[in-house]
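First up is the structure itself, then whatever we jot down about it.
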Amino acid sequence: MLIKGEGRASTLATLLAAAPDYHLKEAEAAALIEQQITTIANRWKEVCDEADLSPVDRKLFAGRQFLNSYALEGLDDHKALQDAFRAAHNTLLTSAGA
């Protein structure tokens, strides 16, 4: 899926580059992304329980399908967002028992 121009990469940097297309400043987009990342981490166990995911599926999805580290590619100028992502990623891996 094209996200920005010819950009198809599922990365946070691509999302930030597309922010002006949605009438958002980069800082606003970064704040929204951070909020989503935090929500995923905070609600991970609850959502997995609700979906009745097995421990194997939780381990499979954590950090792969949700909060995959590839999303950080090209996000060099956003240390705070990188840190929030890594903390949330670690939360998923820890709660999944990975």
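Just so it is clear, none of the values below were taken in a lab; they were calculated from the coordinates. The model shown is predicted, which means the values in this text are computed figures rather than measured ones. All Cβ positions, even for glycine, are placed from backbone atoms using ideal geometry, and neighbour counts span all protein chains on display.
Just to be sure I understand, how many residues within the stretch 48-86 are more than 14 Å from Ser10 (Cβ to Cβ) and exposed (fewer than 12 other Cβ atoms within 10 Å of the Cβ)?
Summing the residues that are more than 14 Å from Ser10 (Cβ to Cβ) and exposed (fewer than 12 other Cβ atoms within 10 Å of the Cβ) in the stretch 48-86 gives 12.
When the residues of the stretch 87-98 are narrowed to those that are surrounded by 18 or more Cβ atoms within 10 Å (Cβ to Cβ) and farther than 20 Å from Ala9 by Cα, which ends up farthest from the chain's Cα centre (by Cα)? Show your work before the answer.
Initial filter on the stretch 87-98 (surrounded by 18 or more Cβ atoms within 10 Å (Cβ to Cβ)): 88-89, 91-92, 96.
Of the ones still in play, those that are also farther than 20 Å from Ala9 by Cα are 88, 91-92, 96.
Details: Ala88: 8, Thr91: 12, Leu92: 11, Ala96: 16 Å.
Among those residues, the one meeting the criterion is Ala96.
Tell me the residue from Ala30, Ala51 that is without any contact (Cβ under 8 Å) to a residue 12 or more places away in the chain and among the hydrophobic types (A, V, I, L, M, F, W, C), please. Break it down stepwise before answering.
Working: Ala30 fails: without any contact (Cβ under 8 Å) to a residue 12 or more places away in the chain.
Unique residue meeting the criteria: Ala51.
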